[in-house]
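One structure below.
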Amino acid sequence: MILVTGGAGFIGSNFVLDWLAQSDEPILNLDKLTYAGNLENLCSLQNNPGHIFVQGDMGNDQLLGTLLVRHTPRAIVNFAAESHVDRSIHSPNDFVQTNIVSTFQLLETTRAYWNTLPTQAQKAFRFLHISTDEVYGSLDKDDPAFTEQHRYAPNSPYSASKAASDHLVRAAHHTYGLPTLTTHCSNNYGPYHFPEKLIPLMIVNALADKPLPVYGDGLQVRDWLYVKDHCSALRRVLHAGTPGQTYNIGGGNERTNIELVHTICTLLDKLHPKKDGQSYQTQIRFVTDRPGHDRRYAINAEKIERELGWKPAETFETGIRKTVQWYLDHSEWIEHVQTGSYRAWIEKHYTEPA
Ligand code: NAD
Ligand code: DAU
């Protein structure tokens, strides 16, 4: 089996769902269930014996040590993190604690377990660390896209804490030989995306007749990848990646924020027209910029394509249409997230402690 951390979050839950749809190999899902963890994302797995959920902190060495001995996973896929840049500006402490300290503890407990494995199992073991393109910092308009050789220049407490965790992962490989893999993905979007991030926030606010807040001039550029394409890339890296290597993941879909918000409004105008006949664009409001706002991210994904044969399946047009439709079809999920009732899911449906 494999152990996934943070498998109740946005990307983690998509990964768990896709994995179990394609493989008989079980998943042990360790998630602390912060505000970003939502077990409702995984409700379709409730009676699936291939999904074992444990609520807990990846930095809890006693808990993790017990789980590793009991379940002997052949790999760990580390999604768990504090992930929202705006929150990192207001509460950087949580990001240092989770993304640096808890990731370090996860690595230490993993290393202790890995040291006990027979030689063949040690060789086959993988620790896949999910990082971000934000560790490379910000690009100017005409700069080439980030390659794996780009220097680290994180600008927010979030990206700085992710960069620190990347270095700890690198050191675990270089010093102790732990077979690690690190990926740097661009902005994801798709089902189960928590509506504090740009795309789901715009859809949810539009439908609720609320303002669509665009930071600054709206001309910042992000490079968007449909979440299921990220998951397929991670499966590929886990299967065929070379230990100690890093891989960039992206779909080559650069858009300015304002362009993206217009696209969402246009799709909603078609799929769910406003009752007053106006366009959702009338709800757009330019607001104060995010402090230290990175201007542009862009990923060069040639290495993963060349070495591992991975390519995204979705274009931006197909992915964003599916995403808008998903939110239109899941009003109950939105309501539970907004009222906070998704947090009661664990008490109602999962009583199994560690
Ligand atoms: P998310 O915030 O939606 O989910 C994070 C999950 O981690 C939650 O379920 C939370 O409960 C869990 N968690 C937090 N602290 C934990 C701890 N100490 N122990 C166990 N679980 C814990 O995040 P996401 O958007 O799904 O991102 C997943 C990973 O991918 C993160 O590492 C993030 O840095 C990285 N990433 C995200 C994007 C993106 O666009 N969302 C892009 C590139 C990389
Ligand atoms: O690049 C990968 C990163 O993408 C991940 O590592 C992060 O975990 C993920 O949150 C995301 O970071 P961003 O800061 O790029 O995503 P966010 O959705 O918060 O913002 C996207 C862009 O939209 C950014 O330029 C800020 C802007 N924005 C965001 C919000 C929430 C707005 O203009 N208005 C908003 O209300």
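List of remarks:
- Test: residue in the range 4-11 that is in a helix (DSSP H, G or I) and open to solvent by less than 20 Å² (accessible area, probe 1.4 Å): no
To keep it simple, each residue is scored yes or no on (1) within 16 Å of ligand 2 (Cβ to nearest atom); (2) under 25 Å from Arg111 (Cα atoms); (3) charged (D, E, K, R).
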{"residue": "Ile27", "(1), (2), (3)": "no, yes, no"}
{"residue": "Leu33", "(1), (2), (3)": "no, yes, no"}
{"residue": "Asn38", "(1), (2), (3)": "yes, no, no"}
{"residue": "Leu42", "(1), (2), (3)": "no, no, no"}
{"residue": "Asp61", "(1), (2), (3)": "no, yes, yes"}
{"residue": "His84", "(1), (2), (3)": "yes, no, no"}
{"residue": "Ser88", "(1), (2), (3)": "yes, no, no"}
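- Just one of (1) open to solvent by 50 Å² or more (accessible area, probe 1.4 Å); (2) of a type outside the set (A, V, I, L, M); (3) within 14 Å of ligand 2 (Cβ to nearest atom) fails for Gln245. It is (3).
- Arg235 away from ligand 2 (no atom under 14 Å from the Cβ) and either modelled with pLDDT of 95 or more or on the phi > 0 side of the Ramachandran plot (or both): yes
- Here Phe286 meets the list (1) open to solvent by 40 Å² or more (accessible area, probe 1.4 Å); (2) hydrophobic (A, V, I, L, M, F, W, C); (3) under 20 Å from the mean Cα position of the chain (by Cα) almost entirely, failing just condition (3).
- Residues (farther than 9 Å from Pro157 by Cα and surrounded by 21 or more Cβ atoms within 10 Å (Cβ to Cβ)) located in the range 88-101: Thr98, Asn99
- Condition check for Val85: more than 24 Å from His51 (Cα to Cα), open to solvent by less than 20 Å² (accessible area, probe 1.4 Å) and of a type in the set (Val, Ile, Thr): yes
- Whenever a residue of the range 240-258 is within 27 Å of Ile284 (Cβ to Cβ), it has no partner that is surrounded by 23 or more Cβ atoms within 10 Å (Cβ to Cβ) and at pLDDT below 95 lying with C-beta atoms less than 7 angstrom away and at least six residues away or across chains.
- Within the range 166-218, strands (runs of 3 or more DSSP E) holding 1 or more residues that are more than 28 Å from Lys274 (Cα to Cα): 180-185, 187-189
- Screening the range 219-232 for residues that are over 12 Å from Asn188 (Cα atoms) and outside any helix (DSSP H, G or I) and picking the one that is nearest to ligand 2 (Cβ to nearest atom) gives Gln220.
- Asp61 satisfies every condition listed in (1) buried (at least 20 other Cβ atoms within 10 Å of the Cβ); (2) farther than 22 Å from Val237 by Cβ except (1).
The values are calculated or read from the model by the stated rules, or taken from the named source; none is laboratory data. Quantities reported herein were computed from a predicted structural model and do not represent experimental measurements. Here the Cβ is made from the backbone with ideal geometry for all residues, glycine too, and neighbour counts use every protein chain on show. We work out accessible area using only protein heavy atoms, side chains counted, and drop any ligands, DNA or RNA first. Shrake-Rupley method; radii C 1.70, N 1.55, O 1.52, S 1.80 Å.
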